[in-house]
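Structure first, then comments.
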2 protein chains.
Amino acid sequence: MKSKQETEQPEIRRKKTAEERRQDILEAALNIFTEKGYNGSTTAEIARAAGVAEGTIFRHFATKKELLIAVLSPKILEGIISLDKKHKDPVEFFRCFMKNRLELIKENDALVRFMFAEAQYHDEVREALSKGILGQGINIVQPWFEKGVKQGVFKPVPFPSVMRTFMGMVLFYGVFNHVFPGLSPKNTIEEATDQMLEIFLHGLIVKEAKT
Amino acid sequence: MKSKQETEQPEIRRKKTAEERRQDILEAALNIFTEKGYNGSTTAEIARAAGVAEGTIFRHFATKKELLIAVLSPKILEGIISLDKKHKDPVEFFRCFMKNRLELIKENDALVRFMFAEAQYHDEVREALSKGILGQGINIVQPWFEKGVKQGVFKPVPFPSVMRTFMGMVLFYGVFNHVFPGLSPKNTIEEATDQMLEIFLHGLIVKEAKT
DNA sequence: AACGTAAGTGAGTAATCACTCATTAACATT
DNA sequence: AATGTTAATGAGTGATTACTCACTTACGTT
């Protein structure tokens, strides 16, 4: 029951609501974390970036780790909603989905890289990531893939392999550009999507050739 | 000029050579680093694992970061040699290369994950990784790919996209199994290679279908 | 204006960090 | 046995860490 009424907003520096402060801290934490890593960031630094005292952080989050979880949790589920179900064609779905994910990753590449990096060391992050992304995969991708198989459009490759391949291609896109700058310089998302999709759907080999 | 002669080895606990100690420390550091991350590991912990005093570490490595570099540098170049050039067929090359890399990654998956995780935060790691792996890509993969294109076997997709797709699939293999356990349970390397290669070379779509 | 309350503060704390250095131990050489 | 040399030690150091708490501030209510 947060009975905080927005009355008039005078010139003098008003105290922010608890929720506003919380958001300030979360935003600052996200920036510092993605830049320096969880263990490389200090609560003092985050407080400075958020414009609050260090003690304020611990009024909103009991521990530093709780802050980490609070930063990542909403981000992990983000983007699920943005995908509509208007597609009829499995191939069209994969094209849209890949482009959608590439855009999402390009916009949040520091975040994505951070999540996967920290997933190595923190069980909580790994579990949240696993649940969130696997949920996307199973709920969204698998039905379309199986639909395609039933229609005879897709090969009956085991779904885990499809998922792994697809995610590898897509997720690595963001990591790649960071770790290996210089390669793929002027690649637009459109081009990247088309080229990846060409390989993913039709393969590297020209159709007439034999293995 | 290390004039240390291996004479007789009496029962009493002998002092190890500098090189032996160095290797002990490197091995322990690798284990601790991959488990807890660079910033999550302490030199005290590494010393304990290596069975040496903390000061000994700094007799062999000036700083903790120097230890990190010393741990990773040899690992990054590892595996290049193991690949012979007996292949004649570009397709066969990709099959062998993928299987080879998958095995390498499966055996060193903690290391691989650690390298890419720390590459987010340390320029030195990123540069070493970039140079090492990009070198492999350009020196080994690109010639075979271009050979395939000239033979009319491969499509003239821009090489960066091919490389990115290939690396994404392969590298993500290890990360995937760690972050998303439960999926792809009993997948052997043989199966994984075959399924990935099927998608990479021939695509998900059955040949008769149209986009 | 006086009071109560929720939110914010920052100096303080105990623990921990990477790193140092005077000392000791283990060898080879004489 | 005496001496020199190289390697190893671990208590010590100053800096830094996540986190605490007694106190202040800003606001709503009366």
> If you go through segment B:119-132 one residue at a time, how many are free of Cβ contacts under 8 Å to residues at least 60 places away in the same chain and open to solvent by 30 Å² or more (accessible area, probe 1.4 Å)?
Replying inline: 6
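Under the condition of being within 14 Å of chain A (Cβ to nearest Cβ) and assigned to a helix (DSSP H, G or I), which residue from segment B:32-63 is least open to solvent (accessible area, probe 1.4 Å)? Quick ask: steps written out before the conclusion?
Here is the first cut: in segment B:32-63, the residues within 14 Å of chain A (Cβ to nearest Cβ) are B:32-42, B:45.
Those left that are additionally assigned to a helix (DSSP H, G or I): B:32-36, B:45.
On the way: B:Ile32: 18, B:Phe33: 0, B:Thr34: 29, B:Glu35: 113, B:Lys36: 75, B:Glu45: 33 Å².
Step by step, filter segment B:32-63, then rank; the result is B:Phe33.
Just to check your reading of the model, which residue among B:Thr188, B:Thr193, B:Thr165 is more than 8 Å from chain A (Cβ to nearest Cβ), open to solvent by less than 10 Å² (accessible area, probe 1.4 Å) and of a type in the set (Ser, Thr, Tyr)? If you could, list the steps in order and put the result at the bottom.
On the way: B:Thr188 fails: open to solvent by less than 10 Å² (accessible area, probe 1.4 Å); B:Thr165 fails: more than 8 Å from chain A (Cβ to nearest Cβ).
After ruling out the rest, the residue left standing is B:Thr193.
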> What residue, among those in segment B:148-162 that are within 16 Å of B:Phe93 (Cβ to Cβ) and under 25 Å from the mean Cα position of the chain (by Cα), is farthest from the other protein chains (Cβ to nearest Cβ)?
Replying inline: B:Phe159
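For the condition buried (at least 19 other Cβ atoms within 10 Å of the Cβ), farther than 14 Å from B:Val162 by Cα and more than 19 Å from the chain's Cα centre (by Cα), what is the one hit in A:Phe145, A:Phe114, A:Phe200?
Matching residue, one of A:Phe145, A:Phe114, A:Phe200: A:Phe145.
Taking segment B:168-183 as the search range and keeping residues that are open to solvent by less than 10 Å² (accessible area, probe 1.4 Å) and of a type outside the set (A, V, I, L, M, F, W, C), which one is nearest to B:Glu107 (Cα to Cα)?
The residue in question is B:Gly174.
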> Only one residue in A:Glu66, A:Glu92 is at pLDDT 90 or above and within 14 Å of chain B (Cβ to nearest Cβ), so which one is that?
Replying inline: A:Glu92
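The values are calculated or read from the model by the stated rules, or taken from the named source; none is laboratory data. The structure displayed is predicted, hence computed values, not measured ones. Every residue, glycine as well, gets a Cβ built from its backbone with ideal geometry; the counts of neighbours run over all protein chains shown. Accessible surface areas use protein heavy atoms only, side chains included; no ligands, DNA or RNA. Shrake-Rupley method; radii C 1.70, N 1.55, O 1.52, S 1.80 Å.
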